[in-house]
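Just below is one structure, and these are the notes that go with it.
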Amino acid sequence: MTDADQSRPEGKPWIMGIHAYVPGKAVSADGTQLIKLSANENPLGTSEAAHAARKAVADSAEYPDPDARELRLKIGEVHGLDPARIVCGTGSDELLNLAAQGFAGPSDEVLFSKFSFSVYYIAARRCGATPVEAPDNDYATDVDALLAAVSDKTSVVFLANPNNPTGTYLPRSEVKRLHAGLPSDVLLVVDQAYAEYLEADEDDGGMELAMAHDNVLVTRTFSKIYGLAGERIGWATGAPHLIDVLNRIRGPFNVTSSGQAAAAAALDDQEFVSRSRDHNAQELARFTAAVEALGNHGLRPIPSKANFLLVLFEGAVTAEQALNAISDAGYAVRHLPGQGLPNALRITIGHRADMDQIAATLRALCGERA
Ligand SMILES: *Cc1c(COP(=O)(O)O)cnc(C)c1O
């Protein structure tokens, strides 16, 4: 046999630059199950109406509606949007990947802020484009830095607002300034996965930009406040020619029948959404204050508008020590050294008793009275 006979299919170099997703761990070192506060899931679960609608879909022998018609009509109704300008996806993850694939290729750059959502890097790599990270401003998005990083190769800009993993929020005026500074042939994707956690009068203006301009897509998800992460449903809205591109390359049956039914019912249960929002606002404020009180030990919360808090460890207590202590207390939270955050933990806001216990664990670790 010659060497040539032993050749094998090799992944493309730009694909081999991607590391497979490493989920947060859900069991402790001794094998006990941990309470999961590592994936920004809704601690209140799912709307009962959504759960019932999901279970009522009996026939799994038939393909789902490829156009998710009922669901798009419902989304249009709730958000005041034209259903023809909405496309649903297998989670917003699929849509973020399609946005990169549809509008960027091997000679292009895909731009986003440092410490933003990990999917953007993967989405850029997957289509052979070059991911470009703009510097942050103390963990928050810096519009000037993003605009300064735009080159004639930039074709897509991703902005998560509020951002994951930092929880930071870019106000409406700044989102507007970012859009105004981009060339009109650059696609701006405003990823609003946590938008429902904002207060009623808070709105980053992304939807308005998507309605008024030809180069803005907004993505939303049912995975976070709606509590349907397991069903994998997201949606995007924007100008018709943008939606047309995503429709050409999405999976034809990309949202399951149970997912479509559950999401439509979830939209009808806005009471569950407000209850989830209120719970989060209360517990996020309490937990943030508890971490702030440990400022003299080097703990620093990054102000969050999402359903999690990024806690920096800038003193003697390290993020790793805190991760282990929190794990010993029975909880899984997210350590993200792979995302350039070795000195931080991202902690999802759970039930009050759980947040109190984590706060007590941090106090004990700092040598304060728990
Ligand atoms: C969780 C999250 C999503 C949602 O992903 P799905 O695929 O819809 O579950 C999208 N963007 C950001 C920034 C997120 O944190």
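With a Förster radius of 56 Å applied to the C-beta separation of Ala58 and Ala281, the computed FRET efficiency comes to 0.90. Rolling a 1.4 angstrom probe over the stretch 48-268 with all protein chains present gives an accessible area of which 49% lies on carbon and sulfur atoms.
At 222 nm, what helix-only mean residue ellipticity would the chain give, in deg cm²/dmol to the nearest 500, using -39500 (n - 2.57) for each DSSP H run of four or more?
The per-residue figure over the chain is -11000 deg cm²/dmol.
Relative to the present Cα-Cα distance, how much length would full extension add between Asn296 and Asp138 at 0.36 nm per residue of separation? Intermediate results must be reported in sequence, preceding the final value.
On the way: separation 158, 0.36 × 158 = 56.88 nm, distance 1.89 nm.
Fully extending the segment from Asn296 to Asp138 adds 55.0 nm.
Rolling a 1.4 angstrom probe over the protein heavy atoms with all chains in place gives the chain an accessible area of 45 Å² per residue. Amide H contacts of Thr154 (H built 1.01 Å from N, in plane; Pro and chain starts excluded): Glu109 sit under 5 Å, all sequence-distant by 5 or more or on other chains.
For Ala39, the shell of other residues with beta-carbons less than 14 Å away shows a net charge of +4, using +1 for Lys and Arg and -1 for Asp and Glu.
For the residue pairs Lys25/Lys224; Lys74/Lys305; Lys176/Lys305, the alpha carbons lie more than 23 Å apart in Lys74/Lys305.
Any idea what the relative contact order of the chain is, in percent, if you count C-alpha pairs under 8 Å spaced at least 6 apart? With pairs under 8 Å counted, the relative contact order is 22 percent. Accessible surface for Trp235 stands near 10 Å², nearest 10, in the context of the full protein assembly shown (1.4 Å probe).
Of the Cα atoms belonging to the stretch 48-268, the radius of gyration and Dmax stand at 16.9, 53 Å. In loop segments of the stretch 38-143 as defined by DSSP, the GluC sites (Glu not before Pro) with at most 11 further C-beta atoms inside 10 Å of their C-beta are Glu62. Using 0.36 nm per residue and subtracting the Cα-Cα separation, the extra length available between Ile18 and Ala325 on full extension is 107.4 nm. The charge dipole of the stretch 48-268, taken about its Cα centre with unit charges on the Cβ atoms of Lys, Arg (+1), Asp and Glu (-1) only, comes to about 540 debye. Note on Val78/Glu10: beta-carbon distance plugged into 1/(1 + (r/R0)^6) with R0 of 51 Å gives a FRET efficiency of 0.65.
Relative to the current alpha-carbon distance between Ala29 and Ala148, full extension at 0.36 nm per residue lengthens the span by 38.3 nm. Summing +1 for each Lys or Arg and -1 for each Asp or Glu among the other residues whose beta-carbon sits under 10 angstrom from that of Arg172 gives -3. Below 8 Å, C-alpha to C-alpha, sequence gap of six or more: please give me the relative contact order for the stretch 48-268 in percent. Answer for the stretch 48-268 is 29 percent. Net charge dipole, the chain: roughly 480 debye, given to the nearest 20, about the Cα centre with Cβ charges of +1 for Lys and Arg and -1 for Asp and Glu.
Rounded to the nearest 20, the Cβ-based charge dipole of the stretch 1-98 about its Cα centre (Lys and Arg +1, Asp and Glu -1) stands at 280 debye. Computed log10 I(q)/I(0) for the chain at 0.08, 0.15 Å⁻¹: -0.42, -1.37, from the Debye equation with unit scatterers placed on every C-alpha and solvent omitted.
The values are calculated or read from the model by the stated rules, or taken from the named source; none is laboratory data. Predicted model only: the values in this text are computed from it and were never measured. In this analysis, Cβ positions are derived from the backbone assuming ideal geometry, glycine residues included, and neighbour counts consider all displayed protein chains. The accessibility values were calculated without ligands, DNA or RNA, using every heavy atom of the protein model including side chains. Shrake-Rupley method; radii C 1.70, N 1.55, O 1.52, S 1.80 Å.
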